[in-house]
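The values are calculated or read from the model by the stated rules, or taken from the named source; none is laboratory data. Predicted model only: the values in this text are computed from it and were never measured. Counting neighbours? That spans all protein chains shown, and the Cβs are built from the backbone with ideal geometry, glycine included.
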Amino acid sequence: MKKHYDRLIEPYLVNLMKEFPAIAIDGLKGVGKTVSTKRIATTVFELDRPKDFDQIINIPDILVSASPPVLVDEWQRIPSVWDFVRRAVDDGAKPGTFLLTGSISSTDTNIHSGAARIIRRKMYPLSLAERGIEKPTISIAELFSAAEPFSTIISGKTDVGSRDYLYEISASGLPEFRNYTIDSRKIAFESYLANILSHDFRQQGIRLRQPETLLRWLRAYAAAVSTDAGYSEILDASTAGEGNKPVAKTTIAYREALENLWLLDELTPWTEGERFISGLKLSPKHYLADPAFAVYLLGLDENVLSGGYG
């Protein structure tokens, strides 16, 4: 039986739906978008199912006649859905009418941006709090909203140790992956990335002539996690000793495709006060959407990482 995870985004979305007619939830494949939005929606159309696909293609008006909230899962399979929902919002759709989920950011420039009509939120892999390994005792929200000093309200205890954290880093925040053994998880990651490079890239109009080159680039990117290494540095590291390196235009297209799949996750530099302008000159730090991807790409696992930890 699949484990049930209480996702923090669910009550957040329910609250947003009190004011916004249409919400798009983006995120990595397998992150749990469909499971979470199904718990909220009344009517569900899954466009990877032929029956639902044909129904929306032939009778798009069903989206406004169906009982809300209406979920359109993998909406980018029919890009016109976006414009249809946007027009429905213009025509007076009530708050909480539409939920759209997608694993690939649409690159169709012919559709409207949805600005001021459809708001976008991103769903991330399971946080430590969502994994249920320990009951959280300190809330960031409460810390920042508390009237008294932090020192008087910070209190907590956990039995989670270093080895547990190393396991969680390796086990992944993708719900399905957490059921696997170490060896099976490596196979799952290998298959996941192979499917992205063979199928999802084609959906974006990109044909990979040398998939291994991109995999080496991803490994170098994983090694550069939490740094602001330039993309040229990452490319050089991934193609060391090769005379015929991919041209900049090609690597930029690859990087954008990975970003459209929500696999890359850059952290913008902190900027505040008088240093705001100078802070804008700083480079973002590189991250993969799930640290377990970095662990896999670098050939590691929790046993290797644990070293001498008990």
Contact list, first residue from the stretch 131-142 and surrounded by 12 or more Cβ atoms within 10 Å (Cβ to Cβ), second anywhere and assigned to a helix (DSSP H, G or I) and not charged (D, E, K, R), beta-carbon distance below 8 Å, six or more apart or interchain, is 134/128; 136/129
How many residues of the stretch 224-237 are exposed (fewer than 13 other Cβ atoms within 10 Å of the Cβ) and part of a helix (DSSP H, G or I)? The answer is 1
Cβ pairs under 8 Å, 6+ apart or interchain, first in the stretch 49-70 and more than 16 Å from residue 93 (Cβ to Cβ), second loosely packed, with under 15 Cβ neighbours inside 10 Å and modelled with pLDDT of 95 or more, ordered by first then second residue, are 55/62; 56/62
When restricted to 33, 94, the only residue out of contact with any Phe, Trp or Tyr (no Cβ under 8 Å at 6 or more places or on another chain) and surrounded by 16 or more Cβ atoms within 10 Å (Cβ to Cβ) is 33
Quick check on the stretch 7-17. Is at least one of its residues exposed (fewer than 13 other Cβ atoms within 10 Å of the Cβ) and either charged (D, E, K, R) or in contact with a strand residue (DSSP E or B) (Cβ under 7 Å, 6 or more places away or on another chain) (or both)?
no
Subset of the stretch 22-74, residues of a type in the set (Gly, Ala, Ser) and within 28 Å of residue 171 (Cβ to Cβ), comes to 27, 30, 32, 36
Filter the stretch 185-223 for residues that are outside any helix (DSSP H, G or I) and touching a helix residue (DSSP H, G or I) at 6+ places or on another chain (Cβ under 7 Å); the one that is nearest to residue 299 (Cα to Cα) is 208
Practice prompt. State yes or no: is residue 80 out of contact with any Lys or Arg (no Cβ under 7 Å at 6 or more places or on another chain) and either of a type in the set (Asp, Glu) or at pLDDT 80 or above (or both)?
Written response: yes
* Do the conditions hold for residue 44, that is, is it in contact (Cβ under 8 Å) with a residue 24 or more places away in the chain and either crowded, with 16+ Cβ neighbours inside 10 Å or not β-branched (Val, Ile, Thr) (or both)? -> yes
